[in-house]
Amino acid sequence: MNENSTKCIFCKIAHKEMDVPLEFEDEQIVAFNDIKPAAPAHVLIVPKKHLSSANDLTGETALLVGRMIVTAKDIARKKGIYKKGYRLVLNCGEDGGQAVGHIHIHLIGGRKLAWPPG
Ligand code: 5GP
Ligand code: ZN
C-alpha cells in the first residue's frame, strides 16, 4: 500500500515533516507519545513504511511487526513500567477502533488497566 505521505499523518511524523519529539528511531521504526494519552505512558510505535492496517501484513512484513513489539518492550523498560506491566494494542479497522490508517502499536501503561476493553 503506497499512500502519499502528504495525506498520512503518521507518514508525516515518521519522515520528519512534522516537529514531533521521538521516543525512539531506527531505520525502520519511530515511536512518539500519543497526542491524547489514555494512561500515564502512551507511546505509539510506527513503521516508517506505510502499511494501512494489520490487514496489509504478510510474511514479508512479519519481521517488521516483531521489531515493533521488541521496540515497545524496550520503551516500556526505559519508562520504568516494564516490571509492573503494560498493554500493547493494535487496532484494526472500523470495529477495531482504528482511527489512523497507518499501522501502529500502542504501548499503554503506568496504571492498572481494565479488561476486557469496551
Ligand atoms: P488508533 O485509534 O488508530 O488505534 O490510534 C490512533 C492514535 O493516534 C490515537 O490514540 C490518537 O490520539 C493518536 N493521534 C492521532 N493523531 C495524532 C497526532 O497528530 N500526533 C500524535 N502524537 N498522536 C496522534
Ligand atoms: Zn502513512
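The values are calculated or read from the model by the stated rules, or taken from the named source; none is laboratory data. A quick note: this is a predicted structure, and the numbers were derived from the prediction, not measured. For neighbour counting, all protein chains shown are included, and Cβ atoms are generated from backbone atoms with ideal geometry for every residue, glycine included. Side chains included, ligands, DNA and RNA excluded: accessible areas come from the protein's heavy atoms. Shrake-Rupley method; radii C 1.70, N 1.55, O 1.52, S 1.80 Å.
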Candidates GLY97, GLY66 - the one that is at positive phi and either open to solvent by less than 30 Å² (accessible area, probe 1.4 Å) or out of contact with any Leu (no Cβ under 8 Å at 6 or more places or on another chain) (or both): GLY97
Residues that are under 17 Å from the mean Cα position of the chain (by Cα) and either more than 10 Å from ligand 1 (Cβ to nearest atom) or in a loop (DSSP other than H, G, I, E, B) (or both), drawn from segment 95-109: GLY97, GLN98, ALA99, VAL100, GLY101, HIS102, ILE103, HIS104, LEU107, GLY109
Residue within segment 8-16 that is of a type in the set (Phe, Trp, Tyr) and away from ligand 1 (no atom under 13 Å from the Cβ) present: no
Complete set of residues in segment 9-43 that are open to solvent by 10 Å² or more (accessible area, probe 1.4 Å) and either under 12 Å from MET68 (Cβ atoms) or within 13 Å of ligand 2 (Cβ to nearest atom) (or both): ILE9, PHE10, LYS12, ILE13, HIS15, GLU17, MET18, PHE24, ASP26, GLN28
Looking only at segment 73-94, and only at residues there that are among the small types (Gly, Ala, Ser) and away from ligand 1 (no atom under 14 Å from the Cβ), the one that is least open to solvent (accessible area, probe 1.4 Å): ALA76
Residue within segment 45-56 that is of a type in the set (Asp, Glu) and either touching a strand residue (DSSP E or B) at 6+ places or on another chain (Cβ under 9 Å) or without any contact (Cβ under 8 Å) to a residue 24 or more places away in the chain (or both) present: no
